[in-house]
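Here's the structure, in structure tokens; my notes come after.
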Amino acid sequence: MAEVLVYVDHADGAVRKPTLELLTIARRLGDPVAVALGAGAEATAATLAEHGAVKVLVSEAAEYADYLVVPKVDALQAAVEAVSPVAVLVPSAAEAKEIAARLAVRIGSGLITDAVDLEADAEGPIATQAVFAASYTTRSRVSTGVPVITVKPNSAPVEAAAAAGAVEQLSVSFGEKSTGTKVLSRTPRESTGRPELTEAAIVVSGGRGVNGAENFPLIEALADSLGAAVGASRAAVDAGWYPHTNQVGQTGKSVSPQLYIANGISGAIQHRAGMQTSKTIVAVNKDAEAPIFELVDYGVVGDLFTVVPQLTDEVKARKG
Ligand code: FAD
């Protein structure tokens, strides 16, 4: 059966959820062969095998951590040459997208980014994308080379599918260009204990209607009751009420969770661009004419300071 390369996003061996979703998608196209790089790469194998990886190519060279993306591109190129896959799938995250783009140039292939679905086809996988602030859905196929496709988180369920997951060392040689940009230091952001915004199954966001940093704990409490990540509109982050890293939208992060709850957000086109592909959208807004209500599955016309605490209490009560 044809083999499909899956680039593994992991933190010291802990595989991130979007990679497991990619394995679900990869199985539609062929046998998934995972590529895990850096410290802890080998430790990913058990999880990857449980989710359908027939093989796990690993390389734990120090270069992946010591230099910016190029060594990882070298490794993926080596994997493409070793396996001759029908496609290379990469999670749609900032660094991974850069790796995918560089790889596509290296191997002379076409690239599709931010797919939300993939289907198998005799002439090559067909990718679905939501474009122009999700006002259009496109279906595309790479017509040159081995398709390199990045897939947005939450585009498929995580499914258990036991496979061999045989670990093989990937031989990679790094050229002078690979080590052109050295990482000097790393300072991890303080953890909030909440899921990563772009990967979360549920996102609870606050906008200008939250009316001050001091009121954001209201949004956080609802998020915590649901195990959700917290997002914010640009108006809220520009006002300094919430960190820029949490901005959702055209110039912020693009999210596609199962559930998106927008509180005090009007629904400007630039905000929609980052959340419109969410599966279920709920909005709380006191203005019944707010544009956000055009795209919601459930809308509550009301004051968020009344609605949100009630919702939080109700969620907690139902969880017992
Ligand atoms: P507003 O539009 O002011 O809406 C606030 C809403 O809160 C209103 O609908 C109001 O009825 C409601 N409200 C007020 N009080 C309450 C209450 N007590 N209870 C319930 N509802 C209440 N924006 C983004 O979000 N992300 C981006 O990435 C982004 N990128 C941009 C890029 C460019 C180039 C430009 C020009 C703009 C960008 N914007 C972006 C800004 C965008 O155009 C909007 O200005 C912004 O999204 C508005 O944020 P908001 O909905 O929180 O505020």
Divide, for the range 98-148, the radius of gyration over alpha carbons by 2.2 N^0.38 Å, where N is the residue count. 1.16
Under a 10 Å cutoff between Cα atoms, tell me which one of LEU118, LEU222, LEU68 has the largest fluctuation in the Gaussian network model of the chain. LEU68
Burial ranking of peptide ranges 308-318, 173-183 (average Cβ count within 10 Å, highest at the top): 308-318, 173-183
For the range 278-286, 3J(HN,Hα) per residue [Karplus equation, 6.51 cos²θ - 1.76 cosθ + 1.60, θ = phi - 60°, Hz, x = Gly/Pro]: 4, 5, 10, 10, 10, 10, 10, 8, 7
Interatomic Cα distance distribution for the chain, bins of 20 angstrom, percent: 32, 53, 15, 0
Convex hull around the C-alpha positions of the range 56-125: the volume in Å³ per residue is 103 Å³
At a 10 angstrom cut-off on C-beta neighbours, averaged per residue, how do the peptides 187-198, 44-55 rank from highest to lowest? 44-55, 187-198
Distances over 28 Å make up what percent of all Cα-Cα pairs in the range 3-179? 15 percent
Long-range HN-HN contacts of ASP303 with modeled amide H, under 5 Å: none
Add -39500 (n - 2.57) for each DSSP H run of 4 or more in the chain, then divide by its residues: what number comes out at 222 nm, to the nearest 500 deg cm²/dmol? -8000 deg cm²/dmol
log₁₀ I(q)/I(0) of the range 202-319 at q = 0.09, 0.12, 0.23 Å⁻¹, via Debye over equal Cα point scatterers, no solvent, to two decimals? -0.19, -0.34, -1.43
Please give, to one decimal in nm, the separation of the simple spin-label points placed at GLN310 and GLU95, each 7 Å out from Cα toward the Cβ. 4.5 nm
What net charge do the residues around GLY274 carry, taking every other residue with its C-beta under 10 Å from that of GLY274, with Lys and Arg at +1 and Asp and Glu at -1? +3
How many percent of the alpha carbon pairs in the range 146-203 exceed a separation of 12 Å? 85 percent
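Laboratory data are not the source of any read-out in this text; all were calculated from the coordinates shown. Given the structure is predicted, the values throughout are model-derived calculations rather than measurements. Please note: Cβ atoms are built from the backbone with ideal geometry, for glycine as well, and neighbour counts cover all protein chains shown.
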